[in-house]
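In what follows, a single structure is set out as structure tokens and then discussed.
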Amino acid sequence: MGLFDWFSGDAQKEAAQARIAGLQAGQREANASIDTGLGQLKDYYKQAGDYFAPLATAAGARTGAYDDATGVNGADGLARARSIFTATPGYQEGLDLSLDQLDRRAAARGMLGSGNTVADTTKLATTYANQAYGDYVSRLAPFVGQDAAVAGARAGLVTKVGDKSYDAGALKGGIGFQTQQGIGNANADAAMADYNASGNMWNTILGAGKIAASIWG
């Protein structure tokens with residue numbers, strides 16, 4: 001600092017500008033770091049959400065099959081359910097075995113072609129189908145709600161991303177407030193520089209006058 005800087009306030013103004021530049025640079029770096037971290041976090045949560053995609057597809061298919069089988073999806077759904085049900089492993093084999101046993105008993109009594117045997121065959125087939133269909137629906141029941149659970153888990157990830165985004169915004173807002181507060185203080189100091197310099201000058205003049213008066217008095 002030169003001798004005349006004591007009377008001008010320029011050095012204090014330069015220091016204030018340096019403080020402002022430092023605060024602004026710090027804010028930019030902090031915001032960039034927050035943005036980078038938030039971007040990485042979103043990528044990680046997206047990857048986690050992608051892991052649920054096949055589970056969601058499978059769970060949705062199971063729930064859809066149950067809704068078809070119970071009539072929720074109407075006649076078309078029931079038709080799909082019947083097609084899947086009759087194609088399940090063991091269904092046709094079990095029906096054929098039951099009918100063969102009935103035929104053998106009827107043949108042993110000499111009634112294989114009788115009307116009673118035909119009625120018994122129809123009743124057996126209907127009873128078997130109803131029981132097997134009930135078992136089929138029961139096997140689907142435990143899967144009901146899995147699609148909702150998977151959807152809830154994925155929604156939870158989205159909620160967490162939203163929470164973290166809010167936190168990042170709040171953090172940046174706090175940094176911005178502190179930066180502006182610091183800039184305001186620096187500008188206030190700069191505004192006082194000329195006043196302080198003027199005070200220094202008059203204090204020096206008055207001091208010199210007192211010295212002169214003491215010498216010549």
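A few notes on this one:
- Taking region 131-163 as the range and being of a type outside the set (A, V, I, L, M), assigned to a helix (DSSP H, G or I), within 18 Å of Tyr66 (Cβ to Cβ) and in contact (Cβ under 8 Å) with a residue 40 or more places away in the chain as the test, the residues that pass are Tyr133, Tyr136, Phe143, Gln146, Asp147.
- With respect to the stated conditions, Ala21 fails to be aliphatic (A, V, I, L, M), free of Cβ contacts under 8 Å to residues at least 60 places away in the same chain and exposed (fewer than 12 other Cβ atoms within 10 Å of the Cβ).
- Cross-chain or 6+ apart pairs with Cβ under 8 Å, region 165-180 first and closer than 13 Å to Ala32 by Cα, then exposed (fewer than 14 other Cβ atoms within 10 Å of the Cβ): Ala168/Asp35; Ala168/Gly37
- Only residues that are β-branched (Val, Ile, Thr) and not in a helix (DSSP H, G or I) were counted in region 17-74, giving 2.
- All conditions but one from (1) modelled with pLDDT of 85 or more; (2) surrounded by 12 or more Cβ atoms within 10 Å (Cβ to Cβ) apply to Gly162; the one that does not is (2).
- Flag if Ser138 is over 21 Å from the mean Cα position of the chain (by Cα), modelled with pLDDT of 80 or more and exposed (fewer than 14 other Cβ atoms within 10 Å of the Cβ): yes
- Conditions (1) within 25 Å of Asn185 (Cα to Cα); (2) at pLDDT 85 or above; (3) more than 31 Å from the chain's Cα centre (by Cα); number of the one not met by Arg19: (2)
The values are calculated or read from the model by the stated rules, or taken from the named source; none is laboratory data. All of these numbers come straight from a predicted model, not from anything done at the bench. Don't worry about glycine lacking a Cβ; one is built from the backbone with ideal geometry, like all the others, and counts go over all protein chains shown.
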